[in-house]
Structure formats: C-alpha cells, structure tokens
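Engineer: Below you'll find the structure I mean.
The values are calculated or read from the model by the stated rules, or taken from the named source; none is laboratory data. Everything numeric here is computed off the predicted structure, so don't read it as measured data. As a convention, Cβ positions derive from the backbone with ideal geometry for all residues, glycine included, and neighbour counts pool all protein chains shown.
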Amino acid sequence: MIQNLAAGQAGMTSNVFLVDGERTVLVDVGMQFDVVSETREYVDDIDAVVLTHTHPDHIGNLGDVTDTFGVDVWGFDPGQPGVDYEIGDNEQVKLGDHSYEAIHTPGHKNDHICLYSPASGVLFAGDLVFANGGFGRTDLEEGNREVLIDSIQRLLDAVDENCSEMYTGHGPSVTTNPVQDIELAFQAAQMQ
C-alpha cells in the first residue's frame, strides 16, 4: 500500500508517502502538518524514513517523526542535517515489499534521488518531474537547469515500460503511462 499522508493538507508541504509492507517507510516527511497522527491512521510504527532530498518542505517534520518512531533517516548525503545513512547512486533500498534502485538526479538539489522498482513498476520521483510534464525548480541554491535535464534523461534511461505509477514530491500522482509525463518534462525543461 502507498498512501499520500499530505493529501488535502493546506500550506507549504511536500507529499509524504507511507509505503507499508515488509519494511514500512515514509518517503519524505513534509512540513507544517501532523504527519505522526496521519501515519498512525494507517500503521502503528514505521521502520525508516527515506528522503528524496533535503529541502525544508520535504524534511520539516523530521524531528517529530524521529522522536516519535525512533527511526533512522536515509538519504543520498549523510552530511545533510537529519540524514543518518547514505543511499548511494544505483544502490538498492527496500520500501514496503519491494526493492528500489536509487538514481542520483541532481539539478533541483545536489542530494536529490529518485527511487524506482522495476518489479512493482513504481517510481518515487521527488521534485525532479511532476504530472503533465512539470519539472523541479532550478532557481534555488544548488539548482542547475542543464544538470536537471541530464538527470531527467538519466531517469528516462532507468525506467522501462513496466513503470506504471509515479509518485511525485508535489501535486498528483500519475497512474497512467508515467513515462509519457517524464518525456514531456524532459522536452519542457529543454525549451525554457
């Protein structure tokens, strides 16, 4: 089960995905809402937090989550505040019942990763790409349009025709042909 705990939240927050299963994980934790109560609507406990990147809107609730659940936080760069353990590029990480490949995709932020499971067809895209061809901002610190374009190409090379669901850092998830949305983002990023 994958549940967006931030659905319907007002204010500035990222999406927060509860991935339930053998290893119950929160992908990102959002900010400015009670993610602990939202988590407990579905499960009593979690095993870990996995971050797509460390922008404040994705990690603002980190203290509440780690204090309540006593879990480790995994991300690309353990030098970032709150990140306990590194997930290296191309490394496998267990989310729920499936193994996901971490794909280092900077351009929005240097420590950005996407997570893709060919077996389940699920992609966590963070803020790299969004529904309908949207893509991550590059006007923030560490943002770089050319690097972002290269990262979207890298993501396109990594996903395959089995990709059936894309969960993004903001906005709606994509459950119909998400590769098309990634291709649109690639084209749009090159045009602006």
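Engineer: Out of all the residues in segment 114-121, is one or more hydrophobic (A, V, I, L, M, F, W, C) and part of a strand (DSSP E or B)?
Structural biologist: Yes, segment 114-121 has at least one match.
Engineer: Here is a further query. Can you tell me which residue is surrounded by the fewest Cβ atoms within 10 Å (Cβ to Cβ) among those in segment 134-164 that are among the acidic types (D, E) and closer than 17 Å to I113 by Cα?
Structural biologist: Here the answer is E141.
Engineer: From the list E183, E142, pick out the single residue that is over 22 Å from I46 (Cα atoms) and either in a helix (DSSP H, G or I) or β-branched (V, I, T) (or both).
Structural biologist: Going through E183, E142 in turn, just one is over 22 Å from I46 (Cα atoms) and either in a helix (DSSP H, G or I) or β-branched (V, I, T) (or both): E183.
Engineer: Also, quick follow-up: Can you report the number of residues in segment 20-56 which are closer than 22 Å to V93 by Cβ and of a type outside the set (S, T, Y)?
Structural biologist: The total comes to 21.
Engineer: Consider segment 66-87. How many of its residues are under 26 Å from L140 (Cα atoms) and either more than 15 Å from the chain's Cα centre (by Cα) or not small (G, A, S) (or both)?
Structural biologist: 14
Engineer: Report yes if some residue within segment 59-81 is closer than 18 Å to C114 by Cα, modelled with pLDDT of 95 or more and of a type in the set (S, T, Y); otherwise report no.
Structural biologist: no
Engineer: Let me ask something else. As an exercise: evaluate F33 against (1) under 16 Å from the mean Cα position of the chain (by Cα); (2) surrounded by fewer than 24 Cβ atoms within 10 Å (Cβ to Cβ); (3) not polar (S, T, N, Q) and give the number of the one condition it does not meet.
Structural biologist: Answer for F33: the failing condition is (1).
Engineer: Under the condition of being charged (D, E, K, R) and assigned to a loop (DSSP other than H, G, I, E, B), which residue from segment 145-180 is nearest to T52 (Cα to Cα)?
Structural biologist: D160
Engineer: Sticking with this one: Please enumerate the residues belonging to segment 4-19 that are β-branched (V, I, T) and either touching a helix residue (DSSP H, G or I) at 6+ places or on another chain (Cβ under 9 Å) or modelled with pLDDT under 95 (or both).
Structural biologist: Scanning segment 4-19 gives T13, V16.
Engineer: If you check every pair at least six apart or on different chains, which have Cβ atoms under 6 Å apart with a residue in segment 126-140 that is within 19 Å of D111 (Cβ to Cβ) first and a residue that is acidic (D, E) second?
Structural biologist: Matching pairs, first to second residue: G136/D127.
Engineer: A further question on this structure: Looking only at segment 123-132, filter to residues that are of a type in the set (A, V, I, L, M) and crowded, with 24+ Cβ neighbours inside 10 Å; which one of those is nearest to N15 (Cα to Cα)?
Structural biologist: A125
Engineer: Go through segment 87-123 residue by residue and tally those that are under 13 Å from G21 (Cβ atoms) and among the polar types (S, T, N, Q).
Structural biologist: So the answer is 3.
Engineer: Which residue pairs have Cβ atoms closer than 6 Å, lie 6 or more positions apart in sequence or on different chains, and pair a first residue in segment 80-102 that is among the β-branched types (V, I, T) with a second residue that is modelled with pLDDT of 95 or more and surrounded by fewer than 16 Cβ atoms within 10 Å (Cβ to Cβ)?
Structural biologist: Taking only residues 6 or more apart or on different chains, not a single pair turns up.
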